[in-house]
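Each remark here refers to the structure printed beneath this line.
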Amino acid sequence: MMQNVEETRRRDSSGRFLKEDPEEVRAAQKRRRERWNLRHPGRMELHRTRWRARHPIQDKESKRAYKERNRDRLLLDERERHWNIRMGVLKIMGGKCEQCGIDDPRILQINHLNGGGNAELRKAKLTNRQRDLRIMRSGLRPTGLNLLCANCNVLYEYERGARFQPDSLANPKPLYKVAPSIG
Ligand SMILES: [Zn+2]
């Protein structure tokens, strides 16, 4: 029976095995694995799960190696996920700075009214990310938070006394007054 060329080692005219291209061999192995997988659905996963349970050290090492090999792609995926969550939260929260109206998502910040945002998160044992995911899932605008651009956020911090300003700067000609309209 005629066999697929990729399935068998090739010989030269005198019947000796040809030295094979490792790339090609790996590709053929991969194709074979994929065909086997199609014929035996779920078996590979089962085998893998069992193997992992029996070889915890190698499992850990192979996961580490996978991460290392795919570092750039994984980082990119992670950053994209971060942005998707962030964009979702910004949308729920109105999508623009509540003070000046700027809507560039790169500089919009979720601001805790009256400060204490990090302490609050620590108390609730939530990371920023977990808080954002909660907002996303609920689809509801949370209380105690508002949306400000980076500039307005800094001015807000000065005006509520969270940042120090010397007396000589106590009454600067304001670009816009931030504090009165907030909390
Ligand atoms: Zn602003």
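Computed from the coordinates by the stated procedures, all read-outs in this text should not be read as laboratory data. On a predicted model such as this, the values are computed, not experimentally measured, just so you know. Please note: Cβ atoms are built from the backbone with ideal geometry, for glycine as well, and neighbour counts cover all protein chains shown.
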Taking the Cα-to-Cβ direction at LYS19 and at LEU46 and moving 7 Å from each Cα, how far apart do the two end points lie in nm?
-> 4.3 nm
Taking amide H positions as placed 1.01 Å from N in the peptide plane, with prolines and chain starts having none, which residues 5 or more places from GLN109, or on another chain, fall under 5 Å of its amide H?
-> LEU148, CYS149, ALA150
Where nothing but the Cβ of Lys and Arg (+1) and of Asp and Glu (-1) is charged, how large is the charge dipole of segment 19-69 around its Cα centre, in debye to the nearest 20?
-> 280 debye
Hypothetical label at MET87: residues of segment 126-166 whose amide nitrogen lies under 16 Å (7 Å Cα-Cβ projection) | 136
In terms of Cα to Cα distance under 12 Å, which aspartates and glutamates are near enough to LYS30, apart from those fewer than 8 places away along the same chain?
-> GLU6, GLU7
Roughly how many nanometres apart are two label points built 7 Å out from the Cα toward the Cβ at GLN29 and LYS63?
-> 2.4 nm
